[in-house]
1. Hey, fewest Cβ within 10 Å first, where do 165, 139 land in order?
2. Largest first and in whole Å, what are the equivalent-ellipsoid semi-axes of region 6-190 based on the Cα gyration tensor, each being the root of 5 times an eigenvalue?
3. Quick one: compute the contact order of region 6-190, relative version, from alpha carbon pairs under 8 angstrom and 6+ residues apart, as a percent.
4. Using the alpha-carbon atoms, what tilt in degrees (0 to 90, nearest 10) does helix 102-112 show relative to the longest principal axis of the chain?
5. Among DSSP beta bridges lying fully in the chain, give the percent that are antiparallel, nearest 5.
Ligand SMILES: NC(=O)c1ccc[n+]([C@@H]2O[C@H](COP(=O)([O-])OP(=O)(O)OC[C@H]3O[C@@H](n4cnc5c(N)ncnc54)[C@H](OP(=O)(O)O)[C@@H]3O)[C@@H](O)[C@H]2O)c1
């Protein structure tokens with residue numbers, strides 16, 4: 001986020017920091033990345049080498065749209081009983097999932113605790129919804145004020161800073177840990 005808490009403007013991130021992208025890639029590769037439908041659309045394609053979980057209230061309608069065509073995200077697979085229990089509505093053979101019930105998914109993740117981490121990667125609606133369930137937060141703070149329409153939620157009373165993992169002239173990556181009891185479980189957020 002910027003110094004005035006902005007994370008997005010007009011559906012995009014209002015800065016370009018390749019070093020931060022590299023850091024984000026290193027942190028999340030091999031893991032689950034969960035994002036809101038609008039964030040997925042702003043990225044435009046699945047993040048490679050990660051399970052992309054896209055949250056939407058209308059998965060079946062989205063699955064019929066051009067940008068969710070097999071050429072971009074893989075072929076839709078038949079729904080399995082197990083995936084249904086996880087709140088998964090649709091998934092592809094390229095490991096892209098469309099999920100309607102985000103709480104069900106987070107709860108299932110906590111119960112199963114797979115080897116791979118679940119990273120909540122935005123945007124504003126999804127951070128607001130799931131930050132209460134996060135045990136850790138990796139936050140890039142960009143050293144400027146920018147105009148925008150998507151903001152990172154207040155978290156300062158619930159997390160403590162434990163380290164600064166990367167610092168450049170333009171930004172730093174802060175690692176926070178929750179000091180209050182999470183709403184449930186231990187997913188991670190990175191912004
Ligand atoms: N700086 C950063 O690190 C960073 C990271 C990520 C995103 N961003 C920016 O953030 C902005 C997007 O954030 P946003 O808040 O507008 O959108 P968002 O959180 O990415 O996505 C919102 C969408 O998620 C779905 N959704 C939200 N809550 C849901 C729930 N409880 N159950 C099921 N589906 C739910 C809905 O999709 P449907 O409408 O399909 O139902 C909703 O329209 C963009 O500007 C993006 O560039 C910045």
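1. Sorted ascending by nearby Cβ count, the order is 165, 139.
2. Equivalent ellipsoid semi-axes, largest first: 27, 20, 15 Å.
3. For region 6-190, the relative contact order is 24 percent.
4. 90
5. Around 50 percent antiparallel, to the nearest 5.
Read the figures in this text as sums done on the coordinates, not as results from a lab. Model, not experiment: these values are computed from the prediction. For neighbour counting, all protein chains shown are included, and Cβ atoms are generated from backbone atoms with ideal geometry for every residue, glycine included.
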